[in-house]
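The values are calculated or read from the model by the stated rules, or taken from the named source; none is laboratory data. The shown structure was predicted, so the numbers you read here are calculated from the model rather than taken from an experiment. No Cβ is skipped: glycine too gets one built from the backbone with ideal geometry, and neighbour counts run over all protein chains shown.
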Amino acid sequence: MSARDYLRTGLELFHDRRLSDLSYEHFQVALGNLAISIELMIKAVLACKNLTLVLTDLPLELEVLCICPKDIKNDSLFQRFSVDLQSGVFKTGTFDECLSKFYLFFPSVRERLGAHMGFLSRHRNVCVHSAFPSFRRYELDRFAYTALLIFDAVRETDAFRFSPYFLSEKDAKFIADFEENRIRKVEEAITKAKEKAKSLNGSQLRCTDSDWEHLAIECPICGNSAFLVGYTNFDVDQVTESEYNPYLTFHANEFYCEVCGLKLDDYWEIHQAGMNTEFDYTGKLDQWYADEYGYDYM
Ligand SMILES: [Zn+2]
């Protein structure tokens with residue numbers, strides 16, 4: 001079965017169970033199919049760009065052939081490995097490894113869906129191979145929402161241009177419901193956190209330990225220290241033909257305050273709560289070079 005087949009099967013089962021309002025344990029097969037579809041579509045996109053992005057431990061000759069196919073004049077080399085390539089002899093990289101590579105080609109997916117993909121990465125093994133974890137309805141929905149949006153993002157790539165997945169009426173209705181429910185979800189989370197904050201006696205928690213994936217900020221509800229979770233991205237602006245300005249940006253895609261309990265599950269929810277999702281880290285470039293390359297970069 002292909003990524004598209006798993007997606008179609010997973011969504012049909014998901015809609016069927018969701019609309020009939022069955023209990024959560026009936027979602028196991030649907031989520032298993034959706035998790036497999038997401039992994040396959042990411043690997044298909046990478047494989048179309050270059051097989052070495054997906055396959056690990058390739059024989060040296062095959063690796064060179066994949067990287068520089070036009071420069072290798074030995075036709076028999078490909079024939080020697082063609083059966084193995086079609087037989088699935090070679091291992092593929094882990095989901096997280098492939099996801100990190102995928103983000104390099106689709107940075108906007110990381111920004112918009114990074115938190116959902118992180119959730120999926122943490123739960124995919126248990127959904128595919130063993131007992132279904134105890135999920136809330138929102139957590140079930142974010143699996144299907146992520147699968148649909150990832151497929152939408154890769155629709156125009158070589159891997160899927162000639163075999164796209166077209167949204168069904170149920171898919172479109174589900175996406176609209178999910179996005180509408182998020183507005184209510186954020187409002188309820190803020191109301192609940194404000195209620196809890198009323199019983200607190202002033203600020204209690206102070207913490208400034210930020211790193212490249214966590215940024216300590218003041219909670220907008222209770223004023224205590226809380227963390228934005230996300231990632232730091234290095235990029236450059238070209239000023240002239242030979243002059244470049246490097247810059248760093250922290251992108252937030254989750255927020256949690258331990259004191260008032262305010263929890264926001266993706267970049268959109270953080271934005272909806274009136275908080276920034278991007279922070280300029282350019283002043284920390286020296287530290288970034290030191291952490292990335294292990295020495296002071298001057
Ligand atoms: Zn708080």
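All told, GLN272 meets the bar of being touching a residue at least 24 places away in the same chain (Cβ under 8 Å), on the phi < 0 side of the Ramachandran plot and either buried (at least 19 other Cβ atoms within 10 Å of the Cβ) or away from the ligand (no atom under 16 Å from the Cβ) (or both). Restricted to the stretch 221-233, and to residues there that are surrounded by fewer than 22 Cβ atoms within 10 Å (Cβ to Cβ) and under 25 Å from LEU120 (Cβ atoms), the residue that is farthest from the ligand (Cβ to nearest atom) is ASN233. Of all residues in the stretch 94-104, one or more are touching a residue at least 60 places away in the same chain (Cβ under 8 Å) and over 20 Å from VAL29 (Cα atoms). The set of residues in the stretch 190-206 that are touching a strand residue (DSSP E or B) at 6+ places or on another chain (Cβ under 6 Å) and either loosely packed, with under 13 Cβ neighbours inside 10 Å or at pLDDT 75 or above (or both) contains only ARG206. Look at PHE160 and say whether it is farther than 30 Å from ASN276 by Cβ and in the same structural domain as ARG8 (by TED's automatic domain parsing). So PHE160 fits the description; yes. In the stretch 248-263, the residue that is surrounded by the fewest Cβ atoms within 10 Å (Cβ to Cβ) out of those that are within 20 Å of the chain's Cα centre (by Cα) and within 11 Å of the ligand (Cβ to nearest atom) is TYR256. Restricting GLU179, GLU218, GLU169, GLU188 to residues that are without any contact (Cβ under 8 Å) to a residue 12 or more places away in the chain, within 12 Å of the ligand (Cβ to nearest atom) and either out of contact with any Gly (no Cβ under 9 Å at 6 or more places or on another chain) or closer than 18 Å to ASN253 by Cβ (or both) narrows the list to GLU218.
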